Amino acid sequence: MIIRLLFCFLLFNTAQAQFFSQTDNTLETNRKKPVSFSHQPFLLLKVTPTALIGRDNVLQYGVELAPPFGKFSFGFDYGKGKGDWSFNKDQKANHPEQETRIIRGEIRGYFSDWYPFYALDKKPFGRYYSLEYVQKDLKYATSPNLESYGGTQVEGIGPFDVNYIERALHVKFGKHFIISKWFFIDGFVGIGVGQYSSEANDLEAVQVKNGFSFGRPTRDLASKGLFLSKTAGARLCLPL
């Protein structure tokens with residue numbers, strides 16, 4: 001009896017070992033091989049689809065220059081948009097004539113010297129931090145309501161052409177997700193301080209200085225102020 005139980009136990013252990021061996025071989029076969037590169041990309045062409053769904057939609061594209069020395073790179077983006085093809089319904093309805101222009105510039109540093117797995121964060125393959133400057137120029141028309149006596153509202157004599165500018169400085173963190181040798185996804189988030197200023201043509205008005213805003217800055221006819229600026233998005237990258 002004891003011999004039979006011992007034989008069954010040995011048979012069970014053999015079958016179990018064989019099963020796990022086959023499972024490991026299957027996982028090893030199905031495991032995706034890491035992407036290999038014959039050279040370090042020195043230029044990345046980028047398009048930012050998330051910029052199309054913002055309040056001020058723009059078609060934004062740019063480049064990242066990654067010299068083959070050091071851990072810093074340099075990025076430049078440019079974008080233009082029109083209010084009549086905005087995904088924001090309110091923006092499209094209220095300011096279809098709005099024209100938007102945006103420029104971005106950043107100095108980016110990769111974490112390659114700080115991370116134990118050097119190859120994962122080597123420029124421009126991995127995680128990074130950056131300092132970014134962004135400027136947004138808007139042009140749109142508005143016909144404001146002007147307060148009249150008796151607390152009533154009457155239409156202004158506009159429309160006035162408004163020139164509005166936002167400038168911001170961001171600290172950003174992000175990562176390149178390597179999909180293939182010729183396709184990266186650049187995901188990023190950032191926060192900083194912004195400054196806005198607006199003025200209207202053909203309207204003599206002194207700019208009103210507003211308090212610091214934690215939400216969206218106001219876009220009055222003649223105003224200026226500071227605000228908490230936030231940024232997040234994803235870029236599609238073609239490394240060369």
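The values are calculated or read from the model by the stated rules, or taken from the named source; none is laboratory data. The shown structure was predicted, so the numbers you read here are calculated from the model rather than taken from an experiment. Cβ coordinates were reconstructed from backbone atoms using ideal geometry, including for glycine residues, and neighbour counts include every protein chain displayed. Just the protein is used for accessible areas: all its heavy atoms, side chains included, with ligands, DNA and RNA removed. Shrake-Rupley method; radii C 1.70, N 1.55, O 1.52, S 1.80 Å.
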For the stretch 96-101, what does the Karplus curve 6.51 cos²θ - 1.76 cosθ + 1.60, with θ = phi - 60°, yield as ³J(HN,Hα) per residue in whole Hz, taken in order and with x for Gly and Pro? x, 8, 4, 10, 10, 9
Could you check the simple spin-label distance between residue 133 and residue 222, using points 7 Å along Cα→Cβ, in nm with one decimal? 2.9 nm
Ranking 131, 225, 40 by how far each Cα lies towards the positive end of the charge dipole of the stretch 39-239 (+1 on Lys and Arg Cβ, -1 on Asp and Glu Cβ), the top one is 40
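Length gain on complete extension for the stretch residue 39 to residue 107, per 0.36 nm per residue less the alpha carbon to alpha carbon distance?
Numbers: separation 68, 0.36 × 68 = 24.48 nm, distance 2.23 nm.
Computed gain between residue 39 and residue 107 is 22.3 nm.
Carbon-plus-sulfur fraction of the accessible area of the stretch 39-239, 1.4 Å probe, in percent?
Details: 7180 of 11220 Å².
About 64 percent, which is the carbon plus sulfur part of the accessible surface.
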